Amino acid sequence: MNSDRAGWVLVGGRSRRMGRDKAWLDTGDGPLGAIIANLAARSCGVVTLVGDPIKYAELGYPVIPDRIDGLGPLGGIETALGASTAEWNLVVACDMPSLDAAIFDALFAEAAGFDCAVPRHPDGKLEPLCAVYNKRCHRAIAAALNSGVRKVTDGLQMVAVRYVQTGNEGSFANLNTPADVRKHQNG
């Protein structure tokens, strides 16, 4: 395990389409927030959740609140990077139960020489909520937020991004709706 790595799991989303909190959603193996944190711990050792400390303390990991509430996932990334003491930071959303630690390790390896490593699918779709960010990205992301940017990919315009081609888009499948959960549970 590398001491210059930290893992950050974004659990503070509104879960509007799901109709209930995705971090606490149990797909058969426990709450998604804890599943993703456990997975991140394999690559990072130190893992912290970003969300409401009162709501998520029982997931078994330290929890910090968003620095500024209501800024969406880009605000969660900014919060994580602002709080981190590690040079390299895995930031991952809590709603991707098909991920595996090998993906995280590959992102850390690909990030060398760049500010961040972001998965890119063959169709061009990006996965900035399962990416590795250098601590130095904090300043650019904070500046983007301060200028009104909310879309994560727009917030990365001022950093050197290494786009990492993915082989299996299914690994990044998000559970956003009850139908997504049923599809995941039925394989």
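Here are the numbers:
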| item | result |
| --- | --- |
| Matching residues in the stretch 38-66 - criterion: being acidic (Asp, Glu) and touching a Lys or Arg at 6+ places or on another chain (Cβ under 7 Å) | none |
| Residue that is surrounded by the fewest Cβ atoms within 10 Å (Cβ to Cβ) [pool: residues in the stretch 96-122 that are within 21 Å of Ala23 (Cα to Cα) and in contact with a Lys or Arg (Cβ under 8 Å, 6 or more places away or on another chain)] | Ala101 |
| Odd one out for Val63 among (1) at pLDDT 95 or above; (2) surrounded by fewer than 15 Cβ atoms within 10 Å (Cβ to Cβ); (3) not aromatic (Phe, Trp, Tyr) | (2) |
| Any hit, the stretch 68-77, residues being assigned to a strand (DSSP E or B), within 14 Å of the chain's Cα centre (by Cα) and within 21 Å of Arg150 (Cα to Cα) | no |
| Residue within the stretch 42-65 that is among the basic types (Lys, Arg), out of contact with any strand residue (DSSP E or B) (no Cβ under 6 Å at 6 or more places or on another chain), in contact (Cβ under 8 Å) with a residue 60 or more places away in the chain and in a helix (DSSP H, G or I) present | yes |
| When residues of the stretch 139-180 are limited to those that are closer than 21 Å to Ile103 by Cβ and among the β-branched types (Val, Ile, Thr), the one modelled with the lowest pLDDT | Thr166 |
| Hits in the stretch 146-167 (condition: of a type in the set (A, V, I, L, M, F, W, C) and touching a residue at least 24 places away in the same chain (Cβ under 8 Å)) | Val149, Val152, Leu156, Val159, Ala160, Val161, Val164 |
| Residue match in the stretch 128-140 (condition: assigned to a helix (DSSP H, G or I) and in contact with a Cys (Cβ under 7 Å, 6 or more places away or on another chain)) | yes |
| Residue selected from the stretch 123-147 under the condition over 10 Å from Val164 (Cα atoms) and among the aliphatic types (A, V, I, L, M), by the criterion surrounded by the most Cβ atoms within 10 Å (Cβ to Cβ) | Val132 |
| Tally, over the stretch 83-104, of residues that are more than 18 Å from Val50 (Cβ to Cβ) and modelled with pLDDT of 95 or more | 1 |
| Asp105 being touching a residue at least 40 places away in the same chain (Cβ under 8 Å) and more than 17 Å from Leu10 (Cα to Cα) | yes |
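The values are calculated or read from the model by the stated rules, or taken from the named source; none is laboratory data. Keep in mind it's a predicted model, so treat the numbers as computed, not measured. Neighbour counts are summed over all protein chains in view; Cβ atoms, including those assigned to glycine, are modelled from backbone coordinates with ideal geometry.
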